[in-house]
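The values are calculated or read from the model by the stated rules, or taken from the named source; none is laboratory data. What you are looking at is a predicted structure, and each value in this text was computed from that prediction instead of being measured. Cβ sites come from the backbone with ideal geometry, for glycine too, and all protein chains shown count toward neighbours.
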Amino acid sequence: MSDDALVKDFSCMDDYDPNSLPADVALETIKSSLSVIKGTEKVALRTALNAVLDEDIFSRINVPSGINSAMDGYAISSKDIPGDGIRELKVIGTSWAGKPFKQGNGTGECTRIMTGGILPEGTDTVVIQESVERTGDTIRVDSEIRSGDNVRQAGEDISVGDKVLNRGIRLTAADLGLLASLGIGEVKTKRKLRVAFFSTGDELRSIGEALDEGSVYDSNRYTLYGMLNRLGCDILDMGVIRDDREAVKEAFLSASDIADVVISSGGVSVGEADFVKETLDELGKVEFWKVAMKPGRPLAFGRVKNACFFGLPGNPVSVMVTFYQFVQPALRTLMGETQTEVITMKVPCVSKLKKRPGRLEYQRGIMERNDEGLLVVRKTSAQGSGILSSMSRANCFIILPIESSTVEPGMNVDVQPFFGLV
Ligand code: AMP
Ligand code: MG
């Protein structure tokens with residue numbers, strides 16, 4: 001059969017499942033059931049990096065604090081700018097950044113000034129040194145100068161009382177600098193979210209153990225560690241839990257005792273040993289969903305005692321996709337972050353992407369510039385939900401909407417860059 005015939009065949013099939021839940025409904029259900037955790041801590045500026053700000057910040061000072069020069073040159077009075085021709089002014093001192101010239105300037109006088117130097121009284125304009133002719137203590141200025149040139153006004157960036165940062169933002173390097181520029185050395189941030197996680201499966205081995213037939217190394221605990229660490233969570237790694245009723249029950253109980261959020265991976269697909277579901281039904285209120293997405297169809301969400309619970313699928317790529325699409329926005333909501341959406345953009349796709357309608361797909365992509373310097377995206381080779389190397393090679397998700405079918409090369413697709421995913 002030709003490739004085209006295959007595609008035609010595909011196009012009359014679909015992935016619609018009447019019992020499945022659209023991904024956006026799942027996310028809304030999750031987010032609407034959450035409330036922000038209690039607990040604020042006052043921390044030093046450096047410690048606050050990447051934490052969620054728990055207060056509005058107002059400035060107590062003007063930035064810059066005084067009227068100063070934006071260039072190296074001469075501070076003059078605009079009254080001394082000649083209507084036409086040339087005028088000579090006498091240089092009576094120097095104003096350095098941090099070492100102002102305290103004497104006021106009279107008519108016909110000026111001050112040598114460096115960038116950041118405070119303008120002496122009687123001056124309001126800076127002439128850059130390149131447009132001035134200086135002989136001894138005299139400079140010659142012309143009529144081209146405009147009043148107020150090269151002067152930074154006090155409070156031009158921030159004025160006393162301005163609101164500079166909003167409660168609920170995640171503090172960036174720029175925010176730390178901004179706070180420092182206001183002389184603020186401590187801020188209130190949300191306390192760290194405590195997240196416990198474990199893997200389930202008799203086939204899982206930890207690093208250092210021998211791989212016997214049919215066993216695999218547990219990678220989910222490492223991807224989860226990485227993703228949670230970058231979100232600034234307090235992480236409690238509970239290891240691998242065997243497919244055993246008592247062991248699973250014990251794990252859920254102790255995890256929910258110590259954490260705000262419990263995450264498990266594996267054991268939520270159809271055909272899994274029933275006791276995972278049984279145990280959760282006994283301990284808490286958990287729903288098992290078939291989400292209309294690929295990868296990541298099975299997902300469990302609810303509460304176990306006082307902790308919020310996510311049961312992620314076992315396949316390594318599914319874990320990362322479901323974490324980024326559901327768990328990360330939920331954790332950010334719990335942490336009091338107000339902006340939890342991640343940027344997406346439209347980019348032409350240079351690969352053919354096979355797809356059937358019925359499920360929202362997160363394919364792994366590589367975004368790069370083509371020979372003309374334009375941004376394009378191509379898929380990483382194999383797209384199976386167990387192929388973690390595709391995730392490692394990728395730098396973005398290619399998001400294909402639920403109703404869409406195969407994408408031909410040249411069509412635009414929605415792309416979610418990994419750098420936006422915190
Ligand atoms: P499950 O959802 O438990 O049926 O697992 C689905 C697939 O993911 C199986 O092939 C598992 O071996 C694999 N898997 C489950 N948990 C992990 C893990 N922690 N690390 C690597 N692979 C896993
Ligand atoms: Mg399993």
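Taken over the stretch 255-286, the criterion of being more than 16 Å from ligand 1 (Cβ to nearest atom) and surrounded by 15 or more Cβ atoms within 10 Å (Cβ to Cβ) is satisfied by SER256, ALA259, ASP260, VAL261, LEU283, GLY284. Scanning the stretch 265-277 turns up at least one residue that is in contact with a Leu (Cβ under 7 Å, 6 or more places away or on another chain), within 15 Å of ligand 2 (Cβ to nearest atom), assigned to a strand (DSSP E or B) and among the polar types (S, T, N, Q). Of all the residues in the stretch 207-224, those that are touching a residue at least 24 places away in the same chain (Cβ under 8 Å) and more than 10 Å from ligand 1 (Cβ to nearest atom) number 0. Of all residues in the stretch 229-263, those being of a type in the set (A, V, I, L, M, F, W, C) and touching a residue at least 60 places away in the same chain (Cβ under 8 Å) number 7.
Evaluated against (1) of a type in the set (Ser, Thr, Tyr); (2) at pLDDT below 95; (3) crowded, with 22+ Cβ neighbours inside 10 Å, THR322 falls short on exactly one condition, (2). Can you spot a residue in the stretch 184-194 that is polar (S, T, N, Q), at pLDDT 95 or above, buried (at least 19 other Cβ atoms within 10 Å of the Cβ) and more than 30 Å from GLU88 (Cβ to Cβ)? Checked against the condition, which is being polar (S, T, N, Q), at pLDDT 95 or above, buried (at least 19 other Cβ atoms within 10 Å of the Cβ) and more than 30 Å from GLU88 (Cβ to Cβ), the stretch 184-194 yields at least one hit. Only one entry in ASP162, ASP212, ASP149 is of a type in the set (Asp, Glu), away from ligand 2 (no atom under 16 Å from the Cβ) and surrounded by fewer than 12 Cβ atoms within 10 Å (Cβ to Cβ), namely ASP212. With the condition kept exactly as written, say whether any residue in the stretch 232-243 is surrounded by 13 or more Cβ atoms within 10 Å (Cβ to Cβ) and within 17 Å of the chain's Cα centre (by Cα). Yes, that holds for at least one residue.
Residue count for the stretch 405-414 under the criterion of being free of Cβ contacts under 8 Å to residues at least 60 places away in the same chain and over 11 Å from GLN363 (Cβ atoms): the result is 1. Being in contact (Cβ under 8 Å) with a residue 40 or more places away in the chain, among the β-branched types (Val, Ile, Thr) and under 30 Å from ILE184 (Cβ atoms), is that true of even one residue in the stretch 62-82? Yes: the stretch 62-82 contains one or more residues that are in contact (Cβ under 8 Å) with a residue 40 or more places away in the chain, among the β-branched types (Val, Ile, Thr) and under 30 Å from ILE184 (Cβ atoms). For the criterion of being of a type outside the set (A, V, I, L, M, F, W, C), in contact (Cβ under 8 Å) with a residue 12 or more places away in the chain, within 16 Å of ligand 2 (Cβ to nearest atom) and at positive phi, GLY201 passes. Go through the residues of the stretch 291-308 one by one and say whether even a single one is closer than 18 Å to VAL262 by Cβ, part of a loop (DSSP other than H, G, I, E, B) and more than 12 Å from ligand 1 (Cβ to nearest atom). Yes, some residue in the stretch 291-308 is closer than 18 Å to VAL262 by Cβ, part of a loop (DSSP other than H, G, I, E, B) and more than 12 Å from ligand 1 (Cβ to nearest atom).
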